[in-house]
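The values are calculated or read from the model by the stated rules, or taken from the named source; none is laboratory data. These figures come from a predicted structure and were not determined experimentally. All Cβ positions, even for glycine, are placed from backbone atoms using ideal geometry, and neighbour counts span all protein chains on display.
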Amino acid sequence: TGFGTDFEAMQLRIHPAASRVNMLAAEQPSTFIAFDLLADGDENMLDKPLSERRKRLEQLLGAKPGTIKVSPVTRDREVAIGWLKEYRGTGLDGIVAKRVAGAYKPGERAMIKVKEQRTADVVVGGFRWGNDGKRVGSLLLGVYRGKTFEFIGHTSGFDDAERRDLVKLLEPLRGGTSFGGGRAPGGPSRWSQGRDLDWEPLRPELVCEVSFDRLEGGRFRHGVGFVRWRPDKDPKSCTMAQLKAEASVELGKLFA
């Protein structure tokens with residue numbers, strides 16, 4: 001979109017009906033952003049240094065108008081940090097740092113991905129059992145949008161002992177009503193085949209702080225990290241307003 005990426009809109013393109021894919025492509029055209037070059041015709045570029053691969057990529061694509069762009073690049077750390085801050089809210093995952101002299105190594109993580117981490121106070125509105133049915137698998141989290149309590153994501157970064165302790169902690173809250181009238185944890189879909197999506201509701205009284213990297217469609221894009229419990233926080237104070245991060249600059253300008 002004009003000010004950011006839209007992963008959910010892109011997912012709609014994965015559809016068995018070609019007519020629908022073509023319709024969406026016309027109504028919401030996408031942009032391909034190239035960041036590396038692995039081959040040029042029959043020439044294998046994997047062993048070439050990044051500096052050479054990048055130079056060749058820019059020669060091939062350049063600054064041509066249209067729906068194919070070359071990702072921006074810099075060797076200035078402050079410029080890269082500025083991108084993280086300036087384009088917050090556009091949906092960018094983060095900044096990738098690579099060695100200029102490095103070859104491309106398939107299957108190896110020969111790079112560093114830097115993301116801006118944010119925190120939020122959220123309310124535990126439910127949970128899913130682990131595979132053994134004796135420990136908590138994940139906590140289902142929500143925030144208030146006005147008077148409506150809505151599901152926003154999950155966290156599951158606990159060790160075995162913590163998962164057992166969570167059973168005792170959550171027991172008094174089981175059987176409550178949560179996520180009523182708003183967004184609730186998703187049911188079966190083509191993305192979740194074979195997964196147990198049953199969950200148990202909890203009275204929305206338990207607040208925790210979590211770390212996250214981005215929002216997508218009004219919810220956390222990825223699973224979030226548990227930071228700490230917040231017994232000092234009123235659940236009703238955990239609202240959607242704390243999560244808003246509007247894009248201050250049009251994303252397209254980054255690729256101009």
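Of the conditions (1) hydroxyl-bearing (Ser, Thr, Tyr); (2) out of contact with any Ser or Thr (no Cβ under 8 Å at 6 or more places or on another chain); (3) closer than 30 Å to residue 113 by Cα; (4) modelled with pLDDT of 85 or more, residue 237 satisfies every one except a single condition; which number is it?
Answer for residue 237: the failing condition is (3).
Given 101, 110, 120, 80, which one is in contact (Cβ under 8 Å) with a residue 60 or more places away in the chain and either out of contact with any Cys (no Cβ under 7 Å at 6 or more places or on another chain) or on the phi > 0 side of the Ramachandran plot (or both)?
It is 120.
What do you reckon, is residue 119 more than 29 Å from residue 163 (Cβ to Cβ) and of a type in the set (S, T, N, Q)?
For residue 119, the condition - more than 29 Å from residue 163 (Cβ to Cβ) and of a type in the set (S, T, N, Q) - is not met.
Among residues belonging to the range 139-178 that are assigned to a strand (DSSP E or B) and among the basic types (Lys, Arg), point out the one that is modelled with the lowest pLDDT.
Ranking the qualifying residues of the range 139-178, first place goes to 145.
Quick check on the range 150-186: of everything there that is within 17 Å of residue 229 (Cα to Cα) and either among the small types (Gly, Ala, Ser) or not assigned by TED's automatic domain parsing to the domain that holds residue 129 (or both), which residue is surrounded by the most Cβ atoms within 10 Å (Cβ to Cβ)?
The residue in question is 153.
Is the range 117-132 home to any residue that is farther than 26 Å from residue 87 by Cα, aromatic (Phe, Trp, Tyr) and in contact with a Gly (Cβ under 8 Å, 6 or more places away or on another chain)?
Within the range 117-132, one or more residues are farther than 26 Å from residue 87 by Cα, aromatic (Phe, Trp, Tyr) and in contact with a Gly (Cβ under 8 Å, 6 or more places away or on another chain).
Would a scan of the range 43-50 turn up a residue that is basic (Lys, Arg), on the phi < 0 side of the Ramachandran plot and out of contact with any strand residue (DSSP E or B) (no Cβ under 9 Å at 6 or more places or on another chain)?
Yes - at least one qualifying residue is present in the range 43-50.
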